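The values are calculated or read from the model by the stated rules, or taken from the named source; none is laboratory data. None of the values given here were measured: they were computed from a predicted structure. No Cβ is skipped: glycine too gets one built from the backbone with ideal geometry, and neighbour counts run over all protein chains shown.
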Amino acid sequence: MGKSSQIMTIKEVAKYLKMNERTVYKLIQAGQIPAAKLGKQWRLDKGKLNEWIGFQMADMANEDLALLEKDHKEVVIKIVPLLKEKQVIFNFYAASKSQAIQKLVQVLVSNNNISPVEGKNLLRNVMERERLCSTAIGEGVAVPHPRDAVISKLKKPLLAAGICSQGMDFESIDGKPTNIVVLVSAPRNDIHLKLMARLSRLLRDKVFRYKLIQAEDFKTFKNIIQKKEFSLDKGGGDEKIS
């Protein structure tokens, strides 16, 4: 049986994603993870599972996203420590989705986060993911990412972000222009999952998105995210328009 069609048990999935088995079972029961029953036992296809990672985040409830972030007794992966000034581009614009992704991958290469060869590998895998379904999840947000953790030498996740106040075409699922593009790459699938869950919780807040789009410098951008992450970790909800 090929790698793409490897069948896994709940226990194997829990180990693969570094999750508690009860968390995996709960997400299956809620219809969040693709699975099928063989007799009385759940079975999951590894290929479909990898495609699922980050695929349905926009539609998941906040409590399920929070569960993914904090599972398996690991420290929650926060966005602020991953932000680097040279990897956030203001007045970002690209004529197409592929050009936008190329620019953000090049940002990681130019700042010596990954080698040119790794950059080509990342670009290829991100574009493969885009062919499955656009990662422009709507409401002006796109989170391009590879189908799998493709750069095993990474010690921590990498982010590169572009802010386009006027909006650009990223083939969004809602047909609206995209203003915020965050490219994500992680060393392992479980880290990728937790990172995508946190980004999804942050970026679904309308006021938060508006503040990011209006930010004119890195310090302001970082402070906005820091305040929102603090609110999330304290159990706060969406911000209110005053």
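Answer yes or no: is there a residue in the stretch 161-170 that is modelled with pLDDT under 90, out of contact with any Pro (no Cβ under 9 Å at 6 or more places or on another chain), assigned by TED's automatic domain parsing to the domain that holds residue 93 and not β-branched (Val, Ile, Thr).
no
Starting from the stretch 194-208, keep only residues that are under 24 Å from residue 20 (Cβ atoms) and in contact (Cβ under 8 Å) with a residue 12 or more places away in the chain, then list their pairs with residues that are in a helix (DSSP H, G or I) and among the small types (Gly, Ala, Ser) whose Cβ atoms are within a distance under 8 Å, requiring at least 6 positions of separation or different chains.
Listed pairs, sorted by first residue: 197/66; 200/58; 201/66.
So if I check each of 107, 143, 126, which one is at pLDDT 90 or above, over 17 Å from the mean Cα position of the chain (by Cα) and surrounded by 18 or more Cβ atoms within 10 Å (Cβ to Cβ)?
Only one candidate passes the filter, namely 107.
If you check residue 220 against the conditions, is it among the polar types (S, T, N, Q) and either in the same structural domain as residue 12 (by TED's automatic domain parsing) or more than 16 Å from residue 138 (Cα to Cα) (or both)?
When the stated conditions are applied, residue 220 passes them.
Checking the condition more than 22 Å from residue 145 (Cα to Cα), at pLDDT 90 or above and touching a Leu at 6+ places or on another chain (Cβ under 9 Å), which residue from 208, 218 passes?
Only one candidate qualifies: 218.
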